[in-house]
Amino acid sequence: MSSIILRSAAVAFASVAASLLLTLIIVPAMGFPVNRTIWLSSTLCPLVLAWAASASTFWQSDRLKTAHRELARAHAQLAAAHRRLAEKASRDDMTGMLNRESFFAALDGSRRKSDRGALLIIDADHFKKINDNFGHLTGDDALLLIASAIQRGVRSGDVLGRIGGEEFGAFLIGATEQEAKRVAERIRREVELIRFRPVDERTIPLTVSIGGTVCGDDVNVSDLMRAADRRLYQAKHQGRNLTILDTDISAAA
């Protein structure tokens, strides 16, 4: 408010100065004397009118600027909230990984940018027994440990998602066959090294089976999933805690 008063006063005094200057020029030129009435009129009228008009203008201008700032702030907050909601909607609540839909969308997007890469499907072995014997809360703890082991095993920039209850997907962007084998085996070992002791200091072994495929040219996401699933099924039936990869998806078709 003090800023409005000061700015209005400056405008008002400038108006008075201009009015007096014009009065001193115009009135004598017209042949009239500059008397007290003319002096008062030339001083008070512009002082009152200019001060009131400028104060109103400055007040409205400040209100508009404030409203614009608040609108910009609200817009930024809304955009940030929208980003947070979009991010939350794309994530699995328990593990923080991408959920199934977002994982496959990211996989499809990565495939459009590059033909190179490998898809791994990672499934926790005998997980139903943990839930049945120790309860679902203990099962959730085990699942979080497995998820952390998978995250340690992959490379920076690889795409991870929880695509089922105890099933995870990892797309290794740009990975060659040898790189994919190394990452898959690293994940398997990381899980195998977990010492899970939920009750009475008894260690419950945790392992995963991994099926995967190296991406071939012009292969869609559905074909990749079918090929990786076939290798996962094979790993399960060969004793679990195994990694089996296709060297080329065309060989699995």
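Computed from the coordinates by the stated procedures, all read-outs in this text should not be read as laboratory data. On a predicted model such as this, the values are computed, not experimentally measured, just so you know. Using ideal geometry, Cβ is built from the backbone for each residue, glycine included, and neighbour counts are taken over all protein chains shown.
Annotations for the structure displayed:
- Highest average packing first - 121-132, 148-159, Cβ atoms within 10 Å: 121-132, 148-159
- Peptide packing for 221-228, 176-183, 73-80 was compared via the average number of neighbouring C-beta atoms within 10 Å per residue; ordered from the highest value, the list is 221-228, 176-183, 73-80.
- Dipole of the range 110-253 computed with +1 at Lys/Arg Cβ and -1 at Asp/Glu Cβ about the Cα centre; of Ile150, Gly165, Ala235, farthest Cα towards the positive end is Ile150.
- Separation between Cα centres of the range 95-150 and the range 191-229, rounded to whole Å: 8 Å
- Cut-off under 5 Å, modelled amide H: who pairs with Arg91 long-range: Asn99
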